[in-house]
Amino acid sequence: MPQTILTRFLGPTNHRGARIKATCWRESVTVPYPYAQDGVTAYRVAAQALCDKLADGDGAWRILAEADMPTGNGRAFIIDYQPD
């Protein structure tokens with residue numbers, strides 16, 4: 001059954017650099033902003049990190065589609081479980 005990952009940009013603070021947070025129905029992950037990537041790819045890196053965290057030994061979650069958030073502060077990703 002497809003699920004959604006929402007990502008958002010977290011700006012730098014006095015103690016941490018810029019980050020991207022990816023959240024889904026049961027987990028979340030925060031990754032340092034990958035400055036070597038362009039903006040769209042940076043959000044995809046965070047979504048893929050969350051997919052990797054959700055994976056189990058019998059399969060993996062794969063990104064099917066993505067789009068900008070209406071707020072302009074992130075991207076939404078549709079993921080689905082693909083058994084091995």
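The values are calculated or read from the model by the stated rules, or taken from the named source; none is laboratory data. Just so it is clear, the structure is predicted and the values come from calculations on it, not from any experiment. Glycine also receives a Cβ, built like all others from the backbone with ideal geometry; neighbour counts cover every protein chain displayed. Surface areas here come from the heavy atoms of the whole protein model, side chains and all, with no ligands, DNA or RNA. Shrake-Rupley method; radii C 1.70, N 1.55, O 1.52, S 1.80 Å.
Note that the chain presents 62 Å² accessible area per residue, ligands and nucleic acids not counted, probe 1.4 Å. Available extension along the chain between Ala36 and Thr4 is 9.0 nm, counting 0.36 nm per residue and deducting the alpha carbon span. Summary value for the chain: 31 percent relative contact order, contacts being C-alpha pairs under 8 angstrom separated by 6+ residues. For the chain, take the longest principal axis of its alpha carbons; what is the angle in degrees between that and the long axis of helix 39-54, to the nearest 10 within 0 to 90? Taking the Cα atoms of the chain, the angle to 39-54 is about 50 degrees.
Carbon and sulfur together cover what percent of the accessible area of the chain at a 1.4 Å probe radius? Heavy-atom surface of the chain belonging to carbon and sulfur, 1.4 Å probe: 52 percent.
Summarising the overall dimensions of the chain from its C-alpha atoms, the Rg and Dmax are 12.9, 44 angstrom. In this structure, Asp80 and Arg19 have a Cβ-Cβ separation that, at R0 = 25 Å, corresponds to a calculated FRET efficiency of about 0.45. Among the chymotrypsin sites (Phe, Trp or Tyr not before Pro) in the chain, those placed in a DSSP loop whose Cβ has at most 12 other Cβ atoms within 10 Å are Trp25, Tyr35.
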